[in-house]
Each structure stands twice: as C-alpha cells, then as structure tokens.
Amino acid sequence: MKRLVKERSGGTCERCTKARATEVHHTTYHRLGFEHMDDLQHVCPQCHGRCHGGKGKKTKRTGSKVFWVQRGKKVLRRQIKNLEEENRELRERVAALEGELGNATEDWQSFREAVA
Ligand SMILES: [Zn+2]
Ligand SMILES: [Zn+2]
C-alpha cells in the first residue's frame, strides 16, 4: 500500500506539492494494517511535522473538557455582549421616543395657549 501511495505522489509531497516526499503519513489510524489509499499521504518531512505538531495538539485540546467549558464561556460572553448592545439600543430608542413625546406635549400646550 505504501508503495502505491508513493506511486500516486510521484515522489512529491501531497500537501505542499513542492518538496520531495520522503515519509508516509496516516490521515487516520482506523484501518492500521489494512489502510485505504485515502488514509495515507506521501509527504515531505516539514509537512509531516506540521501534521503531527499542529493537528495533534488541537485534537487533544478540542477533546478536553476544559476546552469546551472555555468555549462555552466565550459563547456566553459574546451573547451577553450582544444583549447589552441591544439593551443599550433599546434604551436609546426609548429616550428618543420620550424626547419626541415631550416635544409633542409642549407643542400641544403651546397650541392650546395660542387658541385660548
Ligand atoms: Zn510538504
Ligand atoms: Zn504522520
């Protein structure tokens, strides 16, 4: 199978498509020992390092409870911020309407005075 992957890549990294591929990377270990072509990638050492360095840590963090709690907090904080923003806008609208109402009342009073 690894030979087929190497044939598919033609010796060029299948990630950056620039550097010379020297290593075979498993995109998944689900079928270890009887991998599919899609499970393997012929990559250069640099890309291979990136696969494991970046992705590996991320999956670990994503899976941890702390990560999800922090994510939840972030989402809630954003919702609170949105609500505060809405609240502020509504207050401003109320204030504006009260102002208009005040003006209308004044107009009405001066109109009545003018008539009387
Ligand atoms: Zn590469
Ligand atoms: Zn790998």
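Throughout, read-outs are computed from the coordinates displayed, never taken from laboratory work. Quantities reported herein were computed from a predicted structural model and do not represent experimental measurements. Cβ atoms come from the backbone with ideal geometry, glycine included; neighbour counts cover every protein chain shown.
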Looking only at segment 1-32, count how many residues are under 29 Å from the mean Cα position of the chain (by Cα) and either within 16 Å of ligand 2 (Cβ to nearest atom) or not in a loop (DSSP other than H, G, I, E, B) (or both). 10
When every residue in segment 8-39 that is surrounded by fewer than 13 Cβ atoms within 10 Å (Cβ to Cβ) and of a type in the set (A, V, I, L, M) is compared, the one farthest from HIS52 (Cα to Cα) is MET37
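Take HIS48 and decide whether it is in a strand (DSSP E or B) and in contact with a strand residue (DSSP E or B) (Cβ under 7 Å, 6 or more places away or on another chain). Give the steps one after another, and end with the answer.
Values: in a strand (DSSP E or B): no; in contact with a strand residue (DSSP E or B) (Cβ under 7 Å, 6 or more places away or on another chain): yes.
Judged against the criteria, HIS48 is not a match.
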